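Student: Encoded as structure tokens, here's the structure I'll be asking about.
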Amino acid sequence: MEMDKELQLQTTDVDRREQNLHRSTIITQQPQHSRFKNYKWWFRVFLYIIFLLAGQSAATLLGTLYYDKGGNSKWMATFVQSCGFPLLLPLIFYVKFTEMRNNVLSETKPKVSTIVSLYVAFGLLLAGNNLMYSYGLLYLPVSTYSLLCATQLAFNAVFAFFLNSQKFTALIFNSIVLLTISASLLAVNVDSEESMGIPREKYIFGFFCTLGASAAFALYLSLVQFSFEKVIRRETFSVILDMQFYPSLVATCACVVGLFASGEWKTLNNEMKGYQKGRVSYIMTLLWTAVTWQISSIGMIGLVLEVSSLFSNVIGTLALPIVPIFAVVLFHDKINGVKVIALLLALWGFLSYIYQHYLDDKKIKADKSDGLEVSRGELEIC
């Protein structure tokens with residue numbers, strides 16, 4: 001009997017050692033797996049950042065070139081912001097095929113009617129938003145337009161707080177205040193703009209159109225994040241492409257209706273003939289504007305899915321120092337003291353949020369590290 005008990009105890013000890021060894025192996029392997037996933041995540045985020053910065057900067061400058069060289073159709077300028085969606089079709093087919101081959105399927109699919117309603121609502125919101133941006137780009141110098149777009153971040157912080165449960169810290173509040181002051185400085189900068197041949201009424205109209213478009217765009221980003229989390233509940237690249245393709249289709253249809261209803265389609269032929277750079281340049285300007293807006297939108301929606309709507313807007317705000325510099329070189333925009341101060345305040349507001357994101361990331365890593373130490377401590381006790 002005593003021999004049997006000793007054998008049982010030895011067997012139990014061996015089993016415990018094997019279990020502890022297995023658990024310790026899992027713990028040592030988990031950080032490596034997590035690290036690998038982290039690298040892939042950072043690569044995707046970096047790629048989306050490049051798409052957003054390059055696409056947004058190029059699209060803004062091309063839109064300005066269109067107006068500067070003789071273009072005058074607001075609906076055409078709105079149309080090209082969404083009409084490039086057919087370029088996504090080959091990529092959509094490839095991604096869908098790859099996901100089907102790898103059995104990447106959604107366990108819970110939302111109703112078709114819900115998805116259709118979502119895409120239609122987003123498309124109409126985008127059409128109205130793009131039209132307001134077109135008026136702003138027509139009636140404002142590109143440097144003023146770009147700096148005024150910084151208010152997107154302030155609006156987005158408010159919408160993200162209510163719709164996406166975004167933390168409202170002191171640094172984010174500081175960012176909102178600074179960007180609001182920056183926009184207010186531009187609002188009182190009318191006299192210097194009149195010297196560039198922009199009437200006061202049109203400047204004010206362009207100012208409020210851009211401000212309204214910034215608010216609408218911030219609402220759009222927060223609603224996209226909300227729909228990803230509560231309705232679609234999937235995190236794949238095809239979801240990003242769908243969210244870009246179908247709302248763009250609806251927005252393009254709305255723009256076509258607006259183009260014909262306003263009668264602007266009658267002037268397009270004369271506009272192309274009178275374009276200072278020639279017909280080919282006119283077509284290429286509109287074509288590449290459409291392409292760059294699609295690139296920008298993929299980056300924007302990708303960041304919303306991977307991080308948050310607020311982070312996506314922060315990266316969009318990062319293009320602000322880039323666009324005015326190119327605008328001074330290419331379009332001879334004037335940068336006066338008020339604009340320099342507004343630009344510095346916008347950068348300060350941007351850096352405030354980036355620092356907040358750094359603190360949040362640091363806290364998450366510290367919490368994970370503490371959890372890992374606790375698990376190892378429990379193993380040592382066992």
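The values are calculated or read from the model by the stated rules, or taken from the named source; none is laboratory data. Just so it is clear, the model here is predicted, and its values are computed rather than measured. No Cβ is skipped: glycine too gets one built from the backbone with ideal geometry, and neighbour counts run over all protein chains shown. The area values use the complete protein model at the heavy-atom level, side chains included, leaving out ligands, DNA and RNA. Shrake-Rupley method; radii C 1.70, N 1.55, O 1.52, S 1.80 Å.
Student: Would you mind stating whether Gly263 is at positive phi and either out of contact with any Phe, Trp or Tyr (no Cβ under 6 Å at 6 or more places or on another chain) or buried (at least 18 other Cβ atoms within 10 Å of the Cβ) (or both)?
Tutor: Here the answer is yes, as Gly263 does meet what is asked.
Student: Criterion first (at pLDDT below 80 and of a type in the set (Lys, Arg)) does Lys109 satisfy it?
Tutor: Yes.
Student: Condition check: modelled with pLDDT of 80 or more, open to solvent by less than 10 Å² (accessible area, probe 1.4 Å) and either more than 17 Å from the chain's Cα centre (by Cα) or farther than 30 Å from Val112 by Cα (or both). Does Thr144 satisfy that?
Tutor: The answer is no for Thr144.
Student: Are there any pairs, at least 6 apart or on different chains, whose C-beta atoms fall under 8 Å, with the first in region 208-228 and within 27 Å of Leu185 (Cα to Cα) and the second modelled with pLDDT of 90 or more and among the polar types (S, T, N, Q), and if so, which?
Tutor: If the second residue must be modelled with pLDDT of 90 or more and among the polar types (S, T, N, Q), the pairs left are Ala213/Asn129; Ala213/Asn130; Ala216/Asn129; Phe217/Asn129; Tyr220/Asn129.
Student: Does region 276-294 contain at least one residue that is farther than 24 Å from Phe217 by Cβ, touching a residue at least 40 places away in the same chain (Cβ under 8 Å) and surrounded by 19 or more Cβ atoms within 10 Å (Cβ to Cβ)?
Tutor: Checking region 276-294: at least one residue is farther than 24 Å from Phe217 by Cβ, touching a residue at least 40 places away in the same chain (Cβ under 8 Å) and surrounded by 19 or more Cβ atoms within 10 Å (Cβ to Cβ).
Student: Leu219 fails exactly one of the following numbered conditions: (1) open to solvent by 30 Å² or more (accessible area, probe 1.4 Å); (2) at pLDDT below 90. What is the number of that condition?
Tutor: Single failed check for Leu219: (2).
Student: List the residue pairs whose Cβ atoms are under 8 Å apart, where the first residue sits in region 38-57 and is closer than 27 Å to Trp288 by Cβ, the second is buried (at least 16 other Cβ atoms within 10 Å of the Cβ) and aromatic (Phe, Trp, Tyr), and the two are 6 or more positions apart or on different chains.
Tutor: As it stands, the answer is Gly55/Trp293; Ser57/Phe326, since those pairs meet every condition given.
Student: Right, next: For region 187-207, state whether one or more residues are at pLDDT 90 or above and of a type in the set (Ser, Thr, Tyr).
Tutor: No, region 187-207 has no match at all.
Student: State the number of residues belonging to region 321-342 that are closer than 30 Å to Tyr358 by Cα, open to solvent by 10 Å² or more (accessible area, probe 1.4 Å) and in contact (Cβ under 8 Å) with a residue 24 or more places away in the chain.
Tutor: Within region 321-342, residues that are closer than 30 Å to Tyr358 by Cα, open to solvent by 10 Å² or more (accessible area, probe 1.4 Å) and in contact (Cβ under 8 Å) with a residue 24 or more places away in the chain number 4.
Student: Then there's this: Need a quick list: helices (runs of 4 or more DSSP H) entirely within region 276-355 having at least 3 residues that are at pLDDT below 90 and more than 24 Å from Phe162 (Cα to Cα). Lay out the reasoning, then the answer.
Tutor: Numbers: elements: 279-306, 309-318, 322-331.
Because the criterion is at least 3 residues that are at pLDDT below 90 and more than 24 Å from Phe162 (Cα to Cα), the helices (runs of 4 or more DSSP H) in region 276-355 that meet it are 322-331.
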